[in-house]
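Here's the structure, in structure tokens; my notes come after.
The values are calculated or read from the model by the stated rules, or taken from the named source; none is laboratory data. What you see is a predicted model, and the numbers here were worked out from it, not measured in a lab. As a convention, Cβ positions derive from the backbone with ideal geometry for all residues, glycine included, and neighbour counts pool all protein chains shown. For accessibility, only protein heavy atoms count, side chains too; no ligands or nucleic acids. Shrake-Rupley method; radii C 1.70, N 1.55, O 1.52, S 1.80 Å.
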Amino acid sequence: MYTNLLNSIKHSSLNVAKNVLESLLKEGAEPWVIHEALFPVVQSVLNPPFINPHLPKMYAINRELAGYLQPEDVSMLVRVEVEEYARREKLKPIAPPSLLPSLSDFKEVENAIAARDVLTTSETLSAFLAKAGPLQLAKNLLILGSGYLDQSLGHSISCTAYLLIEMDIRKDEDPWPVLVSIAEYFCKGNFSQRPKMHYSAISDYPEVYLIDVKRAVSGTGIAPLHHTITLYAIERSRHLLDHQEYDHVLTKWNKMLGDKGEDLIPSAEIASQPIPEFDAFYQIFLESSPTKILALAKKSLDSKEQRKRLAAHLIKAVLRSYNGYYNPHCLTGLGATVWVMERFNEHPDVVLTCLNQYLDFFFSNVELSSKG
């Protein structure tokens with residue numbers, strides 16, 4: 001049923017993909033079912049000149065964003081996805097091996113990465129998955145990626161984590177496309193040297209952890225935004241790590257922050273206003289003023305129901321504002337921000353600063369003046 005759509009995306013036939021999608025929706029296909037059908041082809045989508053698998057990560061994070069939307073709004077998300085995936089370059093296909101290589105341990109994966117051999121890396125990842133299982137594969141890749149947070153702006157964890165999370169959710173799907181995407185990324189980045197394990201007990205002291213969270217959400221621009229996105233990915237993949245591994249990854253993230261200081265927006269200085277219905281909210285959104293959105297966010301922290309309502313409004317506004325060319329961080333950064341809103345709702349300064357960080361990025365990258 002979805003073959004034509006997948007093929008048009010695979011061959012970067014944008015107009016064909018958009019027309020096929022609209023036909024499917026008109027025929028009554030469920031938008032989320034269409035999203036799920038995109039899994040195999042999405043893994044090959046590139047974002048040059050960057051080596052990071054931004055789009056497969058975005059695909060995985062969209063699962064979380066969709067959870068806030070009404071069913072009738074999910075079609076907007078899928079339209080953005082299909083257009084973004086179809087217009088971009090793709091990895092050259094790599095056929096899975098008819099027979100997996102024998103494998104002694106994960107070191108052979110690291111050796112293949114060091115040799116920049118994507119095919120062999122893909123095959124050894126597949127062999128390790130078959131031998132040790134998805135949990136051990138995830139542990140090894142996350143620890144390996146943790147050694148390169150500084151040079152990858154956090155992507156060696158954030159992209160890796162979300163590709164693995166989606167692969168684990170989609171157990172009914174062939175994992176080969178995910179493994180190829182990871183292999184391609186790790187070979188390009190030469191993420192081949194396993195770091196020594198560090199333990200700084202950040203995870204054992206909530207007050208210390210919160211200090212680092214405050215540092216992460218402080219500041220604006222793409223680098224500070226990645227500080228938050230990286231923590232988001234670490235926390236979402238926490239179930240894949242034991243306590244020491246989790247603390248190790250947090251410690252490497254802490255080092256990624258460097259000497260960055262805390263610079264929070266005092267919630268007392270922000271007005272508090274109730275969240276209006278979406279159409280009125282969207283008109284405020286179109287003004288591209290973070291401060292006006294922060295006033296609505298401050299009020300929403302009073303209850304879980306209002307936080308969910310604000311998240312839904314934000315996600316819908318971002319999707320409705322789609323201009324045919326989104327930086328993937330428009331959605332991955334939004335996912336991180338919604339997570340912070342829910343996780344740290346008892347710390348208004350943290351939430352408002354994080355939301356400002358995201359909105360500053362979005363409004364700086366997307367022209368909204370002609371919308372409405």
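List the relative contact order of region 270-334 as a percent without decimals, with contacts defined as Cα pairs under 8 Å and 6+ residues apart.
It comes to 33 percent, rounded to a whole number.
If Lys and Arg each add +1 and Asp and Glu each add -1, what is the summed charge of the other residues whose beta carbon sits under 12 Å from the beta carbon of Met256?
Summing Lys/Arg as +1 and Asp/Glu as -1 gives +1.
Dividing the convex hull volume of the alpha carbon atoms of region 136-176 by its residue count, what do you get in Å³ per residue? The partial results should precede the final answer.
Values: hull volume 2.4 nm³, N = 41.
Hull volume normalised by residue count: 58 Å³.
Round to a whole number: what % of the accessible area of the chain belongs to carbon and sulfur, probe 1.4 Å? Each step should come with its number before you reach the end.
Numbers: 7820 of 15420 Å².
Accessible surface attributable to carbon and sulfur in the chain totals 51 percent.
Accessible area per residue, 1.4 Å probe, Å², for the chain: what's the number? If you can, show how the numbers build up before the last one.
Numbers: 15420 Å² over 372 residues.
Accessible surface, normalised per residue, equals 41 Å².
Kindly write out, for region 217-231 in residue order, the coupling ³J(HN,Hα) from the Karplus curve 6.51 cos²θ - 1.76 cosθ + 1.60 (θ = phi - 60°), rounded to whole Hz, with x marking Gly and Pro.
6, 6, x, 10, x, 5, 5, x, 4, 5, 4, 6, 4, 5, 4
For mean projected area of the Cα convex hull in nm², several values are listed as [x] 22.5; [y] 18.3; [z] 17.2; flag the one computed from this structure.
Correct label, based on the coordinates given: [y].
Step by step: find N for region 185-232, compute 2.2 N^0.38 Å, then divide the Cα radius of gyration by it. What's the final number?
On the way: Rg = 14.1 Å, N = 48, 2.2 N^0.38 = 9.6 Å.
Expressed relative to 2.2 N^0.38 Å, the Cα Rg reads 1.47.
Taking the Cα centre of the chain as origin, sum charge times position over the Cβ atoms of Lys and Arg (+1) and Asp and Glu (-1), and report the length of that vector in debye to the nearest 20.
Approximately 460 debye in magnitude.
From the phi of every residue in region 255-269, what ³J(HN,Hα) in whole Hz does the Karplus formula 6.51 cos²θ - 1.76 cosθ + 1.60 yield, where θ is phi - 60° and glycine or proline is x?
5, 4, 5, x, 9, 4, x, 8, 8, 8, 7, x, 4, 5, 8
Which value, in Å² rounded to 10, gives the accessible area of Tyr325 with a 1.4 Å probe and all protein chains present?
Its heavy atoms expose roughly 150 Å² to the probe.
So which of Lys107/Lys139; Lys188/Lys252; Lys57/Lys107; Lys107/Lys131; Lys196/Lys255 end up more than 18 Å apart by C-alpha?
Lys188/Lys252; Lys57/Lys107
Which one, Pro53, Pro101, Pro31, has the greatest fluctuation when you compute a Gaussian network model over the chain with C-alpha springs under 10 angstrom?
The residue that fluctuates most here is Pro101.
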